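The values are calculated or read from the model by the stated rules, or taken from the named source; none is laboratory data. Not measured: the values here are computed from a predicted model. Cβ coordinates were reconstructed from backbone atoms using ideal geometry, including for glycine residues, and neighbour counts include every protein chain displayed.
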Amino acid sequence: MANHKSSEKRIRQTETKRLDNKYYSRTTRSAVKTLRDTTDKAAASELLPKISSMLDKLVRRNTIHKNKASNLKSSLTKHVNSL
């Protein structure tokens, strides 16, 4: 249990950030899955910049590592180019 006001506040902040990170991560993972399942090149080309932006935002929030985002963007770009 928390013994200080500052630790109680930190617990509240951590929970809020955890839920936010979970939401943004889940949304991005769903978008990546949608792009991977797409077989239409035009639709995939439209989705790619949006998903790249989402990944960059996760990096900015320190939710995922920049190398992971880079690897995901690279693999998604290869997928779109192969369509």
The correct count of residues that are surrounded by 12 or more Cβ atoms within 10 Å (Cβ to Cβ) and at pLDDT 95 or above in the range 54-63 is 6
Reported set for the range 51-66 where residues are aliphatic (A, V, I, L, M) and either farther than 26 Å from Asp20 by Cβ or not in a helix (DSSP H, G or I) (or both) is Ile64
Restricting the range 50-83 to residues that are without any contact (Cβ under 8 Å) to a residue 24 or more places away in the chain and small (Gly, Ala, Ser), the one nearest to Lys33 (Cα to Cα) turns out to be Ser75
The residue from Ala31, Ala69, Ala42, Ala2 that alone is assigned to a helix (DSSP H, G or I), exposed (fewer than 12 other Cβ atoms within 10 Å of the Cβ) and among the small types (Gly, Ala, Ser) is Ala42
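Give the residue, chosen from Leu35, Leu47, Leu19, that is out of contact with any strand residue (DSSP E or B) (no Cβ under 9 Å at 6 or more places or on another chain), touching a residue at least 24 places away in the same chain (Cβ under 8 Å) and not basic (Lys, Arg).
Working: Leu47 fails: touching a residue at least 24 places away in the same chain (Cβ under 8 Å); Leu19 fails: touching a residue at least 24 places away in the same chain (Cβ under 8 Å).
Within the list Leu35, Leu47, Leu19, the selection yields Leu35.
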